[in-house]
1. What are the pairs, 6+ residues apart or on separate chains, where a residue within segment 245-272 that is touching a residue at least 24 places away in the same chain (Cβ under 8 Å) has its Cβ under 7 Å from a residue that is part of a loop (DSSP other than H, G, I, E, B) and of a type in the set (A, V, I, L, M)?
2. Hey, does segment 210-223 have a residue that's aromatic (Phe, Trp, Tyr) and within 24 Å of Leu43 (Cα to Cα)?
3. Is it the case, given these coordinates, that Pro60 is in contact with a helix residue (DSSP H, G or I) (Cβ under 9 Å, 6 or more places away or on another chain), part of a loop (DSSP other than H, G, I, E, B) and either open to solvent by less than 70 Å² (accessible area, probe 1.4 Å) or closer than 30 Å to Ser263 by Cβ (or both)?
4. Select from segment 187-233 the residues that are without any contact (Cβ under 8 Å) to a residue 24 or more places away in the chain and touching a Lys or Arg at 6+ places or on another chain (Cβ under 9 Å) and write down the one among them that is surrounded by the most Cβ atoms within 10 Å (Cβ to Cβ).
5. I want to confirm something. Restricting to segment 93-105 and keeping residues that are of a type outside the set (Val, Ile, Thr) and over 21 Å from the mean Cα position of the chain (by Cα), which single residue is modelled with the lowest pLDDT?
6. Answer yes or no: is there a residue in segment 98-121 that is of a type in the set (Ser, Thr, Tyr), without any contact (Cβ under 8 Å) to a residue 60 or more places away in the chain and within 24 Å of Leu222 (Cβ to Cβ).
7. Inspect segment 234-242 for any residue being touching a residue at least 12 places away in the same chain (Cβ under 8 Å) and either part of a helix (DSSP H, G or I) or touching a strand residue (DSSP E or B) at 6+ places or on another chain (Cβ under 9 Å) (or both) and give the result as yes or no.
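The values are calculated or read from the model by the stated rules, or taken from the named source; none is laboratory data. All values derive from a computational prediction rather than experimental measurement. Methodologically, a virtual Cβ is constructed for each residue, glycine included, from the backbone with ideal geometry; neighbour enumeration extends over all protein chains shown. Surface areas here come from the heavy atoms of the whole protein model, side chains and all, with no ligands, DNA or RNA. Shrake-Rupley method; radii C 1.70, N 1.55, O 1.52, S 1.80 Å.
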Amino acid sequence: MAANRVYEAWKGSNKFLFGGRLIFGPDAKSLLIRYAILVVAVLFNIYVLILLFFTSARDPGIIPRNLHPPEEEFRYDSSVSIDIGGRQTPSLQFPRTKEVMVNGLPVRVKYCDTCMLYRPPRCSHCSICNNCVQRFDHHCPWVGQCIGLRNYRYFFMFVSSATLLCIYVFSISAFYIKVLMDHNHGTVWKAMKESPASVILMAYCFVALWFVGGLTGFHLYLIGTNQTTYENFRYRADSRVNVYNRGCINNFLEVFCTKVQPSKNNFRAFVQEEVQRPPPQVVTQEPESDTGGDHRSKVEDDLDIGEDLLKISQRRNIEGFDEEIRSRGSNGPYHNTSEGDSVLGSDRRAPTVRSDERHSSRRRSESWEIAPDVLANSNVTETRSYVSSRH
């Protein structure tokens, strides 16, 4: 007959586990309850932190930006022109809004100048993240991320779970205070002095519950009516019909039971160099086209105008020279004729023209003057007065 072990013949009220390796008192059940409460609280905290991570680290539904504006929406507004190199060209315009059909009703979508695209319905541009986000709800500074189509489910689960955690910790702390009161037959103040940690947890959870609990109730209302925070605050005063509302049950199923759409971005892909493409054809509104194809600057155009005026004035003076030569006969001074021929020569460049440096780019033509050395060489006294009279 095998001998009994000591823990088996123990006369006391202790409880033994694992073959006498662990010994507890007769009221060890309370310890197990405390450990169970602690384990549940720890697991609940880990669950809330995981939801917070999924909310914050997940793509909320960012729409990739376009490298170029949508060419199919190009239109040229001839009433609005821009000045390019001294030439007026029609301004490239985009329709600021478009209408799309959602559930059989028209919905107006806007063009985003930053992302160069027309935002899909319920999409908005976040000024903090600087991205267009699908089904944009709001930007939450507490999680450090936009709340949109792809992380709204996790955001609501995080907020609601944090609310339940606050209720759980507050309830357990209050229950422990009640146990101390019954055990010591004292007042609530004595119990609170005996367990100050329970009092601190109750106060913290009570304050946090106002925030996360109120947020949970508000988002329950938004889900039931199929609204976003952005839509609720912006269109609250408008009496517009909510085209997205499919009924309370279907709205909840849409949020919690539909498959999360894959991200439109591959953030780990290699950046590809942008292929430069020619700009769209822009028809200028000039009466005459530049046959040379060389878009001269404003200064060169003004110099050409001055040279043309000088040639015209000299041509008139040369005609006067010819009449004077015919009147004088063959004994006329030789140097005047040679000077006239030098002016009429096709291989020579027109004399230098000077313009005042204060000519602005908006004034196409001003008072042009011929240099004094030109006047001295040509012995012409009528040129300055002629040019002045032309202006």
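1. Gln261/Leu149; Lys264/Ile63
2. Yes: segment 210-223 contains one or more residues that are aromatic (Phe, Trp, Tyr) and within 24 Å of Leu43 (Cα to Cα).
3. Yes.
4. Top of the filtered list is Ala191.
5. My answer is Gly104.
6. Scanning segment 98-121, I find no residue that is of a type in the set (Ser, Thr, Tyr), without any contact (Cβ under 8 Å) to a residue 60 or more places away in the chain and within 24 Å of Leu222 (Cβ to Cβ), so the answer is no.
7. yes
So that you can scan it fast, the table gives a plain yes or no per residue for (1) under 21 Å from Phe233 (Cα atoms); (2) at pLDDT 95 or above:
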| position | (1), (2) |
| --- | --- |
| Ser127 | yes, no |
| Tyr154 | no, yes |
| Met157 | no, yes |
| Ala162 | no, yes |
| Leu165 | no, yes |
| Ser173 | no, no |
| Ile177 | no, no |
| Thr187 | no, no |
| Ala197 | no, no |
